[in-house]
Amino acid sequence: MNAVPQRVEHQMTDKGYVPVYTTAVVEQPWDQYTETDHQVWATLFERQQKILVGRASDEFLRTQQAMGMSAGRIPKFDDLNRMLRAATGWELIGVEGLLPELTFFEHLANRRFPVTWWIRKPEQLDYLAEPDLFHDLFGHVPLLMNPVFADYMAAYGAGGVKAHGIGPEALVNLTRLYWYTVEFGLIREAGGLRIYGAGILSSKGESIHCLESAAPNRIGFDMERIMRTRYRIDTYQKTYFVIDSYEQLMDATRPDFTPIYARLATQESFPAGQVLDTDTVYNRGTGEGWLSDGDV
Ligand code: HBI
Ligand code: FE
């Protein structure tokens, strides 16, 4: 597997200054995956499975199991698509990596989830700057089997296309919502706080940190508050937001956001680590280890 994806340009995205690849949709080159690629998948899968017992949301573990994902081999998009289409009308498409935002939103709005076709190298096991196959397939895909979350993701995409037409500030507001829910969200369950955000689910250290460290804030979901809250792209989050249910996410995105963007445009954003008097605080973080600059 040495076909290095063609990098079109670099772009400031919510994951920082990373190369943005072609918008091309590519077939998953499953037969070209090497033993090393499958081994990297197996190592990451088994490691995360152990860590996520008692930490991941019940629905994530249930849908992952229902999809038949396992450590053995890198899953085939075609196999997963048969199940996804039947369950929620979603399908996976192969891409080279990060897409320009509008392209990404258009795919989501049409229930196509872009999955990077290549997997990280063994030396990148613990961190890489851009989403690879493990982040997308292990982290994002299982919950697309849940009808309510699947609707939220499609509504988010449609909202993104609209926000793109409104302007850059609306996009920033919406990207924060994605970041604090789809990527780094927590959910309250009978057993306590659990993880559903893909950025955490696919990360060994943050799966533990987000629930068990005293450093971060854990605050109840409040959509407009989240849309005003800056975040981190290079360290663990300073604040995690907690939903009560996936329905809460879907309900929050029902109204027309245009008046919300107009209101937000007149208001200051909040630093990533700030706690507000109006917050429902599950944990007021100690702030240990926080960097003072670098909130985006
Ligand atoms: N492209 N392939 C891919 N995957 C993402 O998660 C992604 C993207 N482009 C932009 C993006 N995410 C974020 O800026 C979203 O908030 C839009
Ligand atoms: Fe992601």
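Anything in segment 161-175 that is within 16 Å of ligand 2 (Cβ to nearest atom) and surrounded by fewer than 23 Cβ atoms within 10 Å (Cβ to Cβ)? List them, or say none. Step through it out loud before you land on a result.
Going residue by residue through segment 161-175, those that are within 16 Å of ligand 2 (Cβ to nearest atom) are 174-175.
Once the filter is applied, which keeps residues that are within 16 Å of ligand 2 (Cβ to nearest atom) and surrounded by fewer than 23 Cβ atoms within 10 Å (Cβ to Cβ), segment 161-175 yields only THR175.
Which one of ARG73, ARG82, ARG120, ARG111 is without any contact (Cβ under 8 Å) to a residue 24 or more places away in the chain and basic (Lys, Arg)?
ARG82
Only one of these conditions is not met by THR253: (1) modelled with pLDDT of 95 or more; (2) among the β-branched types (Val, Ile, Thr); (3) under 25 Å from ASP58 (Cβ atoms). Which number is it?
(1)
With respect to the numbered conditions (1) polar (S, T, N, Q); (2) surrounded by fewer than 19 Cβ atoms within 10 Å (Cβ to Cβ); (3) more than 14 Å from VAL141 (Cα to Cα), which one is the sole condition not fulfilled by GLN48?
Of everything listed in (1) polar (S, T, N, Q); (2) surrounded by fewer than 19 Cβ atoms within 10 Å (Cβ to Cβ); (3) more than 14 Å from VAL141 (Cα to Cα), GLN48 misses just condition (2).
Quick grid of which residues meet (1) surrounded by 14 or more Cβ atoms within 10 Å (Cβ to Cβ); (2) within 10 Å of ligand 1 (Cβ to nearest atom); (3) aliphatic (A, V, I, L, M); (4) at pLDDT 95 or above:
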| position | (1), (2), (3), (4) |
| --- | --- |
| MET67 | yes, no, yes, yes |
| ALA71 | yes, no, yes, yes |
| ILE93 | yes, yes, yes, yes |
| GLY97 | yes, yes, no, no |
| LEU102 | yes, yes, yes, no |
| ALA109 | yes, no, yes, yes |
| PRO114 | yes, yes, no, yes |
| PRO122 | no, no, no, yes |
| LEU133 | yes, no, yes, yes |
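Restricting segment 194-205 to residues that are crowded, with 18+ Cβ neighbours inside 10 Å and more than 16 Å from ligand 1 (Cβ to nearest atom), which is nearest to the chain's Cα centre (by Cα)?
Of the residues in segment 194-205, the ones crowded, with 18+ Cβ neighbours inside 10 Å are 194-203.
Still in the list and also more than 16 Å from ligand 1 (Cβ to nearest atom): 194-195.
Numbers: ARG194: 15, ILE195: 11 Å.
Out of the qualifying residues, it is ILE195.
The values are calculated or read from the model by the stated rules, or taken from the named source; none is laboratory data. All values derive from a computational prediction rather than experimental measurement. Glycine also receives a Cβ, built like all others from the backbone with ideal geometry; neighbour counts cover every protein chain displayed.
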